[in-house]
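Participant: After the structure tokens below, expect a handful of questions from me.
The values are calculated or read from the model by the stated rules, or taken from the named source; none is laboratory data. Predicted, not measured: the structure shown is a model, and the values here were computed from it. All Cβ positions, glycine included, derive from the backbone under ideal geometry; neighbour counts span all protein chains shown. Remember, those area values only see protein heavy atoms, side chains included, never the ligands or the DNA or RNA. Shrake-Rupley method; radii C 1.70, N 1.55, O 1.52, S 1.80 Å.
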Amino acid sequence: MKPITHFIGSSESAATLRQLVTTMANSNATVMITGESGTGKELLARLLHEQSERCGGNFVPINCAAIPKDLLESELFGHRKGAFTGAVADRIGRFELAHGGTIFLDEIGDMSLDMQVKLLRVLQERTVDPIGGTRQVHVDVRVVAATHRDLETEIAAGRFREDLYYRLNVLPMVTPPLRERNTDVAELLAFFSKKCANFGKQPIRFKPDFMAALQKYPWPGNVRELSNVVDRFSTLYSGQELDLRAIPPTLLPKGLVSAQAELQAQAPLLAKMEMTPPPEVLAEMNDEPEEEDNEIEGLIMLAQGMPQLPPEGLSLKERMAQIERSIIEQALTRNSGNVSRTAKLLNLQRTTLIEKINKYELRPAA
């Protein structure tokens, strides 16, 4: 999937961030981006690089929380062959790779205190000392750091160096959570729906009630969660217009399940559904529970004047299949073979009726 190349949204906060990127792009000063996970911190870092005079150099990201602290020094500053067990060749660190460009230090708040000391020196001297090396290496990089943590709280708790904080926090940027710019949700949904559309298919769309629920949802995972939800629906309901009432609750974020229940109570879904659920959901809807319902209905029908139960017994399943086939055949005849009207008459989903028509080898006229 091609990376997003702009910060999406028409809200005031989105416009402010785009303006900040334009203003800060050509400065060499260090940028500190703070905000919740999934709010687009790396996207802003990339935009700062792409709009700067350093755009011809490398943009080198590194997640400081994802790399064990014993390996982080080698990742950042490199090492020389034989510097430690397993160092079978020289390795260029991320700072050297970013020479002439930008290095993005993501989750800087998770860096260990001993690494913070080494990073502070690099920021002051603009040189790195590869592990096992005998000379310093000069680096010309623009540093952009990011974290979801409150660094002032981390400083008070003794987990982050105050001097490093002031070295990094030259140009601050804050990415707002999606719940604070919910007017951008519709634009983000449209963007990711187009981005995630299956080849040859139209992007998914959302009915007004569904769109309203998505705009009210607080999105705890922010834009990353929204992107994942759209990707999920684009795979399962490719090219369709989605009705919140028709989505299985297991496919919805937990916070949307209650909204779905309220909507279903206000406006129950009609038997004829335009959406086609995924095969596994169809199987779940049409398997055993439906057969159990048919067996109960069959007992009632037998007790209300259907043929008497013979002394030797009978196969209820086979008998019910005969009755079901006969009723469907009559309903199709009454509706001149129209499947949609027949489904409504029998209070069945259209997809369920089609399966039964195929099962009993009935051939509707239309």
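Participant: Tell me the label-point distance for the pair PHE199, SER340, using the 7 Å Cα-to-Cβ offset, in nm and rounded to one decimal.
Facilitator: Here the answer is 3.3 nm between the modelled labels.
Participant: Now for a separate question. Would you mind getting me the FRET efficiency between ILE354 and GLN322? Use the beta-carbon distance for r and R0 = 25 Å, nearest 0.05. Mind showing how you got there, number by number?
Facilitator: Working: r = 20 Å, r/R0 = 0.80.
FRET efficiency, ILE354 to GLN322: 0.80.
Participant: Given the Cα-Cα distance of GLU12 and ASN28 and 0.36 nm per residue of separation, how much length would full extension add, in nm? Can you show the working numbers first?
Facilitator: Working: separation 16, 0.36 × 16 = 5.76 nm, distance 2.64 nm.
Once the chain is fully extended between GLU12 and ASN28, it gains 3.1 nm.
Participant: Another question about this same structure. Output the pairs from LYS207/LYS344; LYS195/LYS254; LYS195/LYS344; LYS254/LYS356; LYS41/LYS216 with a Cα-Cα distance over 26 Å in this structure; if there are none, say none. Write down the numbers at each step before the final one.
Facilitator: Values: LYS207/LYS344 22 Å; LYS195/LYS254 24 Å; LYS195/LYS344 37 Å; LYS254/LYS356 34 Å; LYS41/LYS216 23 Å.
Beyond 26 Å: LYS195/LYS344; LYS254/LYS356.
Participant: Then there is this: If we count every other residue with Cβ under 15 angstrom of GLY56's Cβ, Lys/Arg +1 and Asp/Glu -1, where does the sum land? Intermediate results must be reported in sequence, preceding the final value.
Facilitator: Numbers: positive: ARG46, ARG54, ARG142; negative: GLU50, GLU53, ASP140.
So the environment of GLY56 carries a net charge of 0.
Participant: Given a 1.4 angstrom probe, what's the average accessible area per residue across region 77-181, in square angstrom? Walk me through the numbers on the way to the answer.
Facilitator: On the way: 5060 Å² over 105 residues.
Result: 48 Å² per residue.
Participant: Please identify every one of the chymotrypsin sites (Phe, Trp or Tyr not before Pro) in region 100-204 that sits in a loop by DSSP and has no more than 13 other beta carbons within 10 Å of its own beta carbon. Don't jump to the answer; show the numbers that get you there.
Facilitator: Details: sites: PHE104, PHE160, TYR165, TYR166, PHE191, PHE192, PHE199; in loops: PHE160, PHE199.
Here the sparse-neighbourhood loop sites are PHE199.
Participant: If we sort 321-332, 81-92 on the protection proxy, mean other Cβ atoms within 10 Å, highest first, what's the order? Could the numbers behind the result be given before it?
Facilitator: Details: 321-332: 15.7, 81-92: 11.4.
With the highest mean Cβ count within 10 Å placed first, the list reads 321-332, 81-92.
Participant: Using r as the Cβ-Cβ distance of ALA265 and THR153, and R0 as 51 Å, what FRET efficiency do you calculate, to the nearest 0.05? Display every interim value, and only then the final one.
Facilitator: Working: r = 43 Å, r/R0 = 0.84.
Between ALA265 and THR153 the formula returns 0.75.
Participant: Measure off 7 Å from each Cα along the Cα-to-Cβ vector at GLN215 and ALA89, then give the distance between these two points in nanometres to one decimal.
Facilitator: 5.5 nm
Participant: Where in region 113-129 does the amide nitrogen come within less than 13 Å of the point 7 Å from the Cα of ARG80, taken along Cα to Cβ?
Facilitator: 129
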